[in-house]
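For reference, the structure discussed in these notes is given below.
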Amino acid sequence: MEKRTFEPPVIKRLNAGMPSKFGMTPRIEPMPEVEGLKVSELLKEFGSPLYVLSERTLRNTYRDAYQAFSTRYPKVQLAWSYKTNYLAAVCNAFHQEGAWAEVVSGFEYHKALKNGVPPQYIIFNGPSKTYEDLLLATRNGSLIHIDHFDELYMLLEVSDEAGTKPKVAIRVNMDTGIYPRWDRFGFNYDNGEAWEAINRIMLSGKMDLAGLHTHIGTYILTPQAYRIAASKLADLAVNTERKYGHVIRYIDMGGGFASKNTLKGAYVPGTDSAPSFDDYADAITGALVNSAIKPEHLPLLILETGRALIDDAGYLLGTVIANKRLASGRRALITDVGVNLLFTSFWYEHQIVPAENSSQHTEDTTIYGPLCMNIDVLRAAIDFPLLKKGDTFVIKRIGAYNMTQWLQFIEYRPNVLMIDTDGKPHIIRKREDLDYMTRQEVLPEHLKNAGL
Ligand SMILES: *Cc1c(COP(=O)(O)O)cnc(C)c1O
């Protein structure tokens, strides 16, 4: 007979079946399959933990977003925000759907080129472009979004050296009623700085002012803020045309649409509070069509939506390493998924569900990762079924930012799998190993061996 494990007795309140604050029973639906493939078999074949991306969800989400805007406005273009997830397979799936590339560093710019994106379809954002970056982007005819006056002045020099006019937009920040206000990127609208940047560009004669750009923040729950932002950009476009007879060809509203994840401390779950693409599209296109921009000069509307396009397509699969009863009597679970792989757990209360049917009995639990670090907490408090060592689970909506902001810390990063639209799995990034980890290290001669 198998020896039963002994757990010291604790006194705790049973809360099985207690309704949540919304009057719902706390039933947690297991998720035995992702895209028709069994979680247990995926983990057996590709190792645990495992990132899984659904190509079908990715493409469907893109089409939903595009449709919401293109049914309301004649000229719409999406540009995939590389920093949200720059795995080449992800980028190319979006590019195949028609998305341009939106990059914020020299590294990302080169990655877009390597993915085969024609340079004129790359939008180069960010505060830290180098002279060499700007020169290359100018010669390539990419769209350069100027962040500050020092960059504007550098670009004047670049323009002289390149012998061709850089195609530019200015990034504009503004009061949209969202606080804290993001005023560290771009030129301020409300104090006249953005208008001054436009005047300096136009008077220099050395740049082609193609567009106007803003990115008002991220996880914005109020579409109304976009309406304000779009009308302020439209004002700048109208004034530019009035003063210089120069037509602004595009307005880029950036990213920032909320995904359906739940922010820590939020009362209402993200699935209920996140506006739809239609809500955002109403606000933005409404502001543009109601503006004083002449109908024949209606600009191309560009969107750089990141998290809202990819979050739902990503899953993180993992395995329970151990069960633990903390000194306080609290139940704790140690898993092989840590904050190193789930950076967004610092902001989100990620939805975690068992892969297999588990007991109906739930208990208030803290879920830890495998790191030997106190900060490694996936969920500080979650009403969770009693899983055993070796049981598997699925974390939902993790497609955005985790595969770029992941930390190489203590553990290797695992395989990333994409399941294509026919249900076939492909490894799109291989698990790291010691060779990968040490490839960039250089040992000085006198430290070649440990010498013990
Ligand atoms: C990060 C970023 C995006 C994408 O933002 P989301 O909030 O993920 O939609 C778009 N544009 C710029 C300039 C960014 O920095």
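Inside the stretch 293-336, can you point out the residues that are touching an Asp or Glu at 6+ places or on another chain (Cβ under 7 Å) and in a strand (DSSP E or B)?
Result: 302, 318, 319, 320, 321, 325, 331.
Can you name every residue in the stretch 274-292 that is part of a loop (DSSP other than H, G, I, E, B), away from the ligand (no atom under 14 Å from the Cβ) and among the small types (Gly, Ala, Ser)?
Our first condition is that a residue be part of a loop (DSSP other than H, G, I, E, B); within the stretch 274-292, this holds for 274-276, 290-292.
Within this subset, residues satisfying the condition of being away from the ligand (no atom under 14 Å from the Cβ) are 276, 290-292.
Residues satisfying the conditions are 276, 291, 292.
Scan the stretch 82-124 for residues that are touching a Leu at 6+ places or on another chain (Cβ under 8 Å) and either closer than 15 Å to residue 144 by Cα or hydroxyl-bearing (Ser, Thr, Tyr) (or both) and jot them down.
The answer is 84, 100, 109, 119, 120, 122, 123, 124.
Would you check which residues across the stretch 246-273 are crowded, with 20+ Cβ neighbours inside 10 Å, outside any helix (DSSP H, G or I) and small (Gly, Ala, Ser) and list them?
Within the stretch 246-273, 254, 255, 256, 258, 259 qualify.
Hey, could you check the stretch 122-136 for residues that are away from the ligand (no atom under 15 Å from the Cβ) and either touching a Cys at 6+ places or on another chain (Cβ under 9 Å) or of a type outside the set (Ser, Thr, Tyr) (or both) and say which is least open to solvent (accessible area, probe 1.4 Å)? Quick ask: steps written out before the conclusion?
Looking only at the stretch 122-136, we keep the residues that are away from the ligand (no atom under 15 Å from the Cβ), and these are 130-136.
Filter again for either touching a Cys at 6+ places or on another chain (Cβ under 9 Å) or of a type outside the set (Ser, Thr, Tyr) (or both), leaving 132-136.
Details: 132: 125, 133: 27, 134: 0, 135: 22, 136: 62 Å².
The selected residue is 134.
How many residues does the stretch 201-232 contain that are in contact with a strand residue (DSSP E or B) (Cβ under 8 Å, 6 or more places away or on another chain) and β-branched (Val, Ile, Thr)?
4
Residues in the stretch 169-179: is at least one within 32 Å of the chain's Cα centre (by Cα), within 16 Å of the ligand (Cβ to nearest atom), open to solvent by less than 10 Å² (accessible area, probe 1.4 Å) and at positive phi?
No, the stretch 169-179 has no match at all.
Would it be correct to say that residue 242 is free of Cβ contacts under 8 Å to residues at least 24 places away in the same chain and part of a helix (DSSP H, G or I)? Break it down stepwise before answering.
Values: free of Cβ contacts under 8 Å to residues at least 24 places away in the same chain: yes; part of a helix (DSSP H, G or I): yes.
For residue 242, the condition - free of Cβ contacts under 8 Å to residues at least 24 places away in the same chain and part of a helix (DSSP H, G or I) - is met.
So how many residues does the stretch 221-232 have that are open to solvent by less than 10 Å² (accessible area, probe 1.4 Å), of a type in the set (A, V, I, L, M) and within 14 Å of the ligand (Cβ to nearest atom)?
First pass over the stretch 221-232, keeping only residues open to solvent by less than 10 Å² (accessible area, probe 1.4 Å): 225-226, 229-230.
Still in the list and also of a type in the set (A, V, I, L, M): 225, 229-230.
So of that shortlist, the ones also within 14 Å of the ligand (Cβ to nearest atom) come out as 225, 229.
Total meeting the criteria: 2.
Using the structure shown, decide if residue 353 is away from the ligand (no atom under 16 Å from the Cβ), over 18 Å from residue 405 (Cα atoms) and in contact with a Ser or Thr (Cβ under 9 Å, 6 or more places away or on another chain).
Details: away from the ligand (no atom under 16 Å from the Cβ): yes; over 18 Å from residue 405 (Cα atoms): yes; in contact with a Ser or Thr (Cβ under 9 Å, 6 or more places away or on another chain): no.
Here the answer is no, as residue 353 does not meet what is asked.
Taking residue 115, is it out of contact with any helix residue (DSSP H, G or I) (no Cβ under 9 Å at 6 or more places or on another chain) and open to solvent by 10 Å² or more (accessible area, probe 1.4 Å)? Give the derivation first.
Values: out of contact with any helix residue (DSSP H, G or I) (no Cβ under 9 Å at 6 or more places or on another chain): no; open to solvent by 10 Å² or more (accessible area, probe 1.4 Å): yes.
Against the criterion (out of contact with any helix residue (DSSP H, G or I) (no Cβ under 9 Å at 6 or more places or on another chain) and open to solvent by 10 Å² or more (accessible area, probe 1.4 Å)), residue 115 does not qualify.
Look at residue 243 and say whether it is in the same structural domain as residue 417 (by TED's automatic domain parsing) and surrounded by fewer than 20 Cβ atoms within 10 Å (Cβ to Cβ). Quick ask: steps written out before the conclusion?
Numbers: in the same structural domain as residue 417 (by TED's automatic domain parsing): no; surrounded by fewer than 20 Cβ atoms within 10 Å (Cβ to Cβ): yes.
When the stated conditions are applied, residue 243 does not pass them.
Pick from the stretch 274-300 the residues that are among the aliphatic types (A, V, I, L, M) and in contact with a Lys or Arg (Cβ under 6 Å, 6 or more places away or on another chain): which of them is surrounded by the most Cβ atoms within 10 Å (Cβ to Cβ)?
As a first pass, look at the stretch 274-300 and keep what is among the aliphatic types (A, V, I, L, M): 274, 281, 283-284, 287-289, 292-293, 298, 300.
Next, from what is left, pick out any that are in contact with a Lys or Arg (Cβ under 6 Å, 6 or more places away or on another chain): 274, 281, 283, 287, 300.
On the way: 274: 19, 281: 26, 283: 21, 287: 21, 300: 16.
Restricting to residues being among the aliphatic types (A, V, I, L, M) and in contact with a Lys or Arg (Cβ under 6 Å, 6 or more places away or on another chain), the top hit is 281.
Only helices (runs of 4 or more DSSP H) wholly contained in the stretch 19-111 count here; list those with 3 or more residues that are of a type in the set (Ser, Thr, Tyr). Can you show your working first?
Values: elements: 39-46, 55-70, 88-97.
Output list reads 55-70.
Which ones in the stretch 372-387 are in a loop (DSSP other than H, G, I, E, B) and among the charged types (D, E, K, R)?
Residues of the stretch 372-387 in a loop (DSSP other than H, G, I, E, B): 372-376, 386-387.
376, the sole residue that qualifies.
The values are calculated or read from the model by the stated rules, or taken from the named source; none is laboratory data. Worth saying up front: this structure is predicted, and the values here are computed from it rather than measured. Ideal geometry is used to build each Cβ from the backbone, glycine not excepted, and the neighbour counts take in all protein chains shown. Accessible surface is based on the protein model in full, side chains and every heavy atom, while ligands, DNA and RNA are left aside. Shrake-Rupley method; radii C 1.70, N 1.55, O 1.52, S 1.80 Å.
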